[in-house]
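The structure under discussion appears below in the form of structure tokens.
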Amino acid sequence: MSAVAAPSTAIAGPAWTAATDELVASLRELIRIPSVNPVSADAPDGELRAARLIATWLTEAGLRPEIVEPEPGRGSVHVRLRGDGTGGEPLLLLSHLDVVPAPPDRWTHDPFAADIADGYVYGRGAVDMKAMVAMELGVVRQLAAEARAAGLDPASDPIPGLRRDVLFTCTADEEAGGLAGAKWVAENRPEWLRAAGALNECGGVSATIAGRRLYPIQVAEKGFAAYRIAVRGTWGHGSMPREDNAAVLAAAVIERLAVPGPTRITPVMTRFLAQAAAALPEDAGSLLAALSGDDPARAEAALAVACDPMYARALRALLRDTLSPDVVHAGIKYNVIPGDAIVEVDCRVLPGTTEPGMRAQVLARLGPDLAAACDVELIVFGAPVEAPAEGTLFDLLVSTIREHDPEGIPLPVMAPFATDAKHTATVGTPTYGFSPLRLDPDERFLERFHGVDERVSIEALRWGLPVLYDVVRRFCS
Ligand SMILES: [Zn+2]
């Protein structure tokens, strides 16, 4: 990185206003494409349509995008903007095009109408993650416009001032594991993902705690291990109850799995808690510090006092391996005692926990009595991922947030869930959750993910676009 960085004021206020308007318009068009995953019969090609729409916009900007379609209707799109090649490996702007389903019953706006109300854009994908798609697109459009303004061809000439390439890759299928998206791309088009670093969904979003605006930057993600537990009982007549009714055994299985386990504070969370505690007012800070102590009762009390339940749930999940029994099946008729039951459990593992380690935890919770009646089968495992919480790119994320929000407190954090970062990890690209938004303190951002009335604030996007632009400009200049 050169010492002199191009400031965002290179395109002054009015240009950002127009760019934000364009961003919002693009976001609304993307929301109106129901790129739902799992793919439904009434919208079989939503991801491909979204990929094609983005490709059209990129082409209008003078670029030459590529689309892949590994399975019919499952489209991913990519474009490369060139630097002069003297700055090292590229920077990747990564996103996904698919969204989870949105049963409309409890929404106050049609989830695919992209209504604007009270300063928010409503719709499925508004936060997960079409807003970031539109922000990254906005940065790419701006860079292409700068090339055109200098009389250059952005499809082939280096963008003025860029020393590294910028990759823009939007994938299908993130919400179902990425097999038809980022995983396929990593295996078949690794050059779409291979970079010095990637900016992806979720982090860089303000969270107001005890009156302080924190900006957790996602440098790690928990892994996952899902198990199917087949519970064996004995079939019989419902008139003569049995202790080894498989439904009754399954209830005991669920009860033992669902208890929160012991805490284990990983290095990223140690740093998060220390920095947050130092930044918060005295009382809240010392409560937060208690989370990294070895008294679980004190830690739990601290969570209840210091945090809104939404953040407490997230923090609780980040301090331990978690187990959530999410599927249970038993029984065929009210008067037949079931001899078989199925329980599926979603385990999320901290860095340092292996799949055999997680399985051992599941068996230990069942105990020898219940374990003897259960077969535990692995459904899927994904390892945790980590990127360095130091170095040029991370430091730049921190300094750029501070510059755009002098009261903001950027700090590294882990996400309790997985993203496409597990696939960029396979090609060696450190990936950061960084989709910068400065939110209203009362906005229930974490509850918008996959939730009802998903929405994003237009003012937050207006703040975030120049932040993202500055990061890209500075890292690549
Ligand atoms: Zn997402």
What is the number of the single condition among (1) within 16 Å of the ligand (Cβ to nearest atom); (2) in contact with a Cys (Cβ under 7 Å, 6 or more places away or on another chain); (3) among the charged types (D, E, K, R) that Arg164 does not meet?
(1)
Members of segment 368-391 found to be of a type in the set (A, V, I, L, M, F, W, C), farther than 13 Å from Tyr227 by Cβ and more than 17 Å from the chain's Cα centre (by Cα), listed by number:
Leu370, Ala372, Ala373, Ala389
Identify, by number, the condition in (1) surrounded by 18 or more Cβ atoms within 10 Å (Cβ to Cβ); (2) over 16 Å from the mean Cα position of the chain (by Cα); (3) under 17 Å from Glu22 (Cα atoms) that Ile116 doesn't meet.
(1)
Collect the residues in segment 444-463 that are away from the ligand (no atom under 16 Å from the Cβ) and either modelled with pLDDT of 90 or more or closer than 16 Å to Glu22 by Cα (or both), keeping them in residue-number order.
Val452, Asp453, Ser457, Ile458, Glu459, Ala460, Leu461, Arg462, Trp463
Among (1) within 15 Å of the ligand (Cβ to nearest atom); (2) of a type outside the set (Asp, Glu); (3) under 30 Å from Asp442 (Cα atoms), where does Gly177 come up short?
(3)
Sort out which residues of segment 378-407 are touching a residue at least 60 places away in the same chain (Cβ under 8 Å) and in a helix (DSSP H, G or I), and write them in order of number.
Thr392, Leu393, Phe394, Leu396, Leu397, Val398, Thr400, Ile401, Glu403, His404
So, first residue under 12 Å from Arg316 (Cβ atoms) in segment 284-303, second residue surrounded by 13 or more Cβ atoms within 10 Å (Cβ to Cβ) and among the β-branched types (Val, Ile, Thr), Cβ within less than 7 Å, six or more apart or across chains; the pairs are Pro296/Thr263; Ala299/Thr263
Given the condition farther than 25 Å from Asp375 by Cβ, touching a His at 6+ places or on another chain (Cβ under 9 Å) and not in a helix (DSSP H, G or I), answer yes or no: does some residue in segment 332-342 qualify?
yes
I'd like the residue in segment 195-247 that is over 14 Å from the mean Cα position of the chain (by Cα) and basic (Lys, Arg) and, out of all such residues, is farthest from the ligand (Cβ to nearest atom).
Arg242
How many of the residues in segment 381-415 are modelled with pLDDT under 95 and within 16 Å of the ligand (Cβ to nearest atom)?
1
Which of (1) in a helix (DSSP H, G or I); (2) at pLDDT 95 or above; (3) farther than 30 Å from Leu378 by Cα is the odd one out, the single condition Thr270 does not satisfy?
(2)
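The values are calculated or read from the model by the stated rules, or taken from the named source; none is laboratory data. For clarity, every value in this text was computed on a predicted model and none was experimentally measured. Note that each Cβ is placed from the backbone with ideal geometry, even for glycine, and that neighbours are counted across all protein chains shown.
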